[in-house]
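The values are calculated or read from the model by the stated rules, or taken from the named source; none is laboratory data. What you see is a predicted model, and the numbers here were worked out from it, not measured in a lab. For neighbour counting, all protein chains shown are included, and Cβ atoms are generated from backbone atoms with ideal geometry for every residue, glycine included.
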Amino acid sequence: MADRWTILAVPLVCLTLLGSLLVHWPTLLNTFQRPKPLSNPRPKLKSTISFNIANMPTIESTIPVNVTTTTVLIWYWAFGFNQGISPNVCKERFGIPNCMLSDDRSLFPKADFIIFHNRELITGQQRLPLQLPRPPNQGWVWFSIESPPHNGNLRPFAGMFNYTMSYRRDADFFMPYGWLAPRLVGPGMTVEDFIPKEKSHLACWIVSNYADHHRRTQVYNRLKQVINVEVYGGGAVNGRRVASEDLLPTISHCYFYLAFENSEFQDYITEKLWKNAFIGGAVPVVLGPPRKNYEAMIPKDSFIHVDDFESEEELGQFLKQLAGDRERYTSYFKWKLNYTVTQTSNWLVEPECRICTKLTTLQRPKVYRDLQSWEWK
């Protein structure tokens, strides 16, 4: 009898153990497979300035993978600058998969997006292909990085475009002249490491489009009565010409750079700030949209706004005092410990490729019934 119970008990015990194992298996599996924490995790970026880059419209750093290939057609090249691209340029240059960029007009019937540069349209050099049967889901993109006064009359284009590509933050495809990207500096580096050492001029200004009616010209004419401004550009401004390779080295010798825009419109902040001042190593004195608009894109303590002063006399005196106060002047470069300036590597190709990274967030269907009003608002 005992042997019989022993024979029966062994299977029962095995079944009990198996049942217990099945019940607790998820917990055991989690214990075995849970990864160990890193002993030296990468430190998080910390900012000691008020600017919050998270509030900025972003240039995608992660590339979504499209299931099918998106075809982006450049109907004609801006200003005639033919790039001679290959269909796979988006993947080859920018790592964007399943995105074909082409200027072959025979692809019109199957193109997902067609890009039209505004300048050629308003001058009559190019026309919209209104004679062709337009696929129902094809998106037409209006493209310009000029300010409204230089974009001409857009009323004839009412109802023709689905999307905008512009420096405006509210454009469907945001194409800024520059932006700030987070970075980690090397150990032991200080703000002083980012300031050019040889400063021999108080202020400088490089200008090509000089006109007496521009507000920036009027501000300059009054400011130069208070401080010395080194002017470069030739022509009507009577300044010395500077070669492109000498532009940034020239600016690096200046304490301040007059980043004066020729137009004052929402988000119109050009290379005068991003490249000339920020990369050139001078504190920008800006004239353009209101301070609040600049603060939406750069730290509030990284620049000086003309509108903060009641007169050019007051502005000039402030610049002279600031240049003589090393500690306070240095504070305008603190942002360099947290961020670096990034610019589009090729504005005739890269933004067009990045259309393919916006597909999941793009509003469809969409039509600009009054492009003129959108541009001037």
Point to revise | Exclusive hit being in the same structural domain as residue 351 (by TED's automatic domain parsing), at pLDDT 90 or above and of a type in the set (Ser, Thr, Tyr), set 164, 217 | key: 164
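Please specify each residue of segment 129-174 satisfying the condition of being part of a strand (DSSP E or B) and out of contact with any helix residue (DSSP H, G or I) (no Cβ under 9 Å at 6 or more places or on another chain). Break it down stepwise before answering.
First pass over segment 129-174, keeping only residues part of a strand (DSSP E or B): 139-143, 163-166, 173-174.
Once the filter is applied, which keeps residues that are part of a strand (DSSP E or B) and out of contact with any helix residue (DSSP H, G or I) (no Cβ under 9 Å at 6 or more places or on another chain), segment 129-174 yields only 140.
For residue 101, indicate whether it is aliphatic (A, V, I, L, M), assigned to a loop (DSSP other than H, G, I, E, B), touching a strand residue (DSSP E or B) at 6+ places or on another chain (Cβ under 8 Å) and not assigned by TED's automatic domain parsing to the domain that holds residue 294.
no
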**Study point:** Residue list for segment 57-111, filter: at pLDDT 90 or above and of a type in the set (Asp, Glu)
**Key:** 92, 103, 104
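So that you can scan it fast, the table gives a plain yes or no per residue for (1) within 21 Å of residue 218 (Cα to Cα); (2) surrounded by 21 or more Cβ atoms within 10 Å (Cβ to Cβ):
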| position | (1), (2) |
| --- | --- |
| 262 | yes, yes |
| 275 | no, no |
| 288 | yes, yes |
| 293 | no, no |
| 323 | no, no |
| 364 | no, no |
| 371 | no, yes |
| 376 | no, no |
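List the strands (runs of 3 or more DSSP E) inside segment 252-358, counting only whole elements, that have at least 2 residues being at pLDDT 95 or above and either small (Gly, Ala, Ser) or under 18 Å from residue 231 (Cα atoms) (or both). First the steps, then the outcome.
Numbers: elements: 254-260, 283-287, 339-342.
The qualifying strands (runs of 3 or more DSSP E) are 254-260, 283-287.
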